[in-house]
Amino acid sequence: MKFFLLLSLIGFCWAQYDPHTQHGRTSIVHLFEWRWVDIAKECERYLAPKGFGGVQVSPPNENIVVSNPSRPWWERYQPISYKICTRSGNEDEFKDMVKRCNNVGVRIYVDAVINHMCGAGGGAGTSSTCGTYYNANNRDFPGVSYSATHFNDGKCNGEINNYNDANQVIDLGGEAIKSSEYFGNGRVTEFKYGAKLGTVIRKWNGEKMAYLKNWGEGWGFVPTDRALVFVDNHDNQRGHGAGGASILTFWDARMYKMAVGFMLAHPYGFTRVMSSYRWTRKFQNGKDVNDWIGPPNKNGVTKEVTINADTTCGNDWVCEHRWRQIRNMVAFRNVVNGQPFSNWWDNGSNQVAFGRGNKGFIVFNNEDKALSKTLQTGLPAGTYCDVISGDKINGKCTGTKVSVGSDGKAHFSISNSAEDPFIAIHAESKL
């Protein structure tokens, strides 16, 4: 079914680990390519008040500066050293961000690039975000320090030419650190350093090319009393990464918001939402090069995330996490946390509804026809504010109201042409 297929592409959650967020906060946001100074401000002015539990930040370690294409998003995944020095900011700004966010109960999750350095095509010199010398072709990274002896022989002499070839991808195509004591000891330096800076929770970027059998080499070195580890693949982030929903059509945006809404309403896992930047479709020599686009910048310097009077973002930042439909569903998830999955209903296709115990209920209409149905919500009787179409402010609702009867049932009407064809109510949206 198209709705649930989209959900699988956009939604992402971790299911196995306690994320150690502040009690009652159940979601984090990936502030993709944001500067540390802007993240610190956002933690204080928006994320903490709106109930977000944490921020996933882009890799903080020094990387090469890619000029062709000009400063793409993926240069952050071409590490040179473990110095905290990138276009997002320096070490002092990173420390300040972590301190300020932690002070308001918002944790920092670091996207730590693991098991590779920059690709062999990175060349040599000091064209890096902190000016550290490197020679990628010779596998020489004195800033760590790594030399050619620390890399897997025979696996670092070329680039990946075909990402559909599992052998090329697994063999790392010019980026593999040896699966040995160097792997463990090199990474323990970074992890301990990050913990020292106050990063309570670390996130390893497992990379598409990491051997699973190699992970055991590194686990023992992770300071588990100071850091918590999640494994992810940064290619997972690309589908809703650079640009995100910024160039979606009206119909695509509807699907995006519904998919994120479903993810946040469902009890499975630990959820992350994406916040990105605006871009336009580009072509070079007839090739679509959208995958290259880096953050909004002026002469290579990342732009400040400015906030407009209507609370949206400026300077070409999209800030999906500030969209009413998404930040209100983050609140929904906090309210229903711990409640069982209940009162499922569907029409056999793409009209779906379900509840979370007696705390929340959500209805989706992804059909080419209107939905009109009386459903059991499981909620106490009363009038509720639909948090998708509006907000509860001073006891009043700026959007659609839903009346729940003494039997827990309510009638839902959702047009197939509605801007947001779903409705969500919860205990704290009761009027």
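The values are calculated or read from the model by the stated rules, or taken from the named source; none is laboratory data. Nothing here was measured: the structure is a model prediction, and the numbers come from that model. Don't worry about glycine lacking a Cβ; one is built from the backbone with ideal geometry, like all the others, and counts go over all protein chains shown. For the accessible areas, the whole protein counts, side chains as well, though only heavy atoms, and no ligand, DNA or RNA atoms are used. Shrake-Rupley method; radii C 1.70, N 1.55, O 1.52, S 1.80 Å.
Which one of the conditions (1) out of contact with any Ser or Thr (no Cβ under 8 Å at 6 or more places or on another chain); (2) surrounded by 22 or more Cβ atoms within 10 Å (Cβ to Cβ) does Asn102 fail to meet, given that it meets all the rest?
(2)
Going through the stretch 13-44 one residue at a time, which ones are open to solvent by less than 40 Å² (accessible area, probe 1.4 Å), over 14 Å from His321 (Cβ atoms), at pLDDT 90 or above and not in a loop (DSSP other than H, G, I, E, B)?
Listed by number, the residues that qualify are Trp36, Ala40.
Of all the residues that make up the stretch 278-311, how many are modelled with pLDDT under 90, outside any loop (DSSP other than H, G, I, E, B) and under 23 Å from the mean Cα position of the chain (by Cα)?
Residues that pass the stated criteria total 3.
Please indicate, with yes or no, whether at least one residue in the stretch 372-380 is among the hydroxyl-bearing types (Ser, Thr, Tyr), modelled with pLDDT of 95 or more and out of contact with any strand residue (DSSP E or B) (no Cβ under 8 Å at 6 or more places or on another chain).
no
Taking Gly338 and the conditions (1) of a type outside the set (S, T, N, Q); (2) part of a strand (DSSP E or B); (3) open to solvent by 30 Å² or more (accessible area, probe 1.4 Å), which numbered condition does it fall short on, given that it satisfies the others?
(2)
So Ala331 ticks every box in (1) of a type in the set (A, V, I, L, M); (2) outside any helix (DSSP H, G or I); (3) modelled with pLDDT of 90 or more; (4) open to solvent by 10 Å² or more (accessible area, probe 1.4 Å) but one. Which box is left unticked?
That leaves (2) as the condition not met.
May I ask you to list the residues in the stretch 367-386 that are assigned to a loop (DSSP other than H, G, I, E, B), open to solvent by 10 Å² or more (accessible area, probe 1.4 Å) and within 24 Å of Met255 (Cβ to Cβ)?
Those that are assigned to a loop (DSSP other than H, G, I, E, B), open to solvent by 10 Å² or more (accessible area, probe 1.4 Å) and within 24 Å of Met255 (Cβ to Cβ): Glu367, Asp368, Lys369, Ala370.
For the stretch 121-136, what are the residues that are surrounded by 15 or more Cβ atoms within 10 Å (Cβ to Cβ) and of a type outside the set (Ser, Thr, Tyr)?
Gly122, Cys130, Asn135, Ala136, listed by residue number.
Could you list all residues from the stretch 93-136 that are without any contact (Cβ under 8 Å) to a residue 12 or more places away in the chain, assigned to a loop (DSSP other than H, G, I, E, B) and not β-branched (Val, Ile, Thr)?
Correct list: Gly131, Tyr133.
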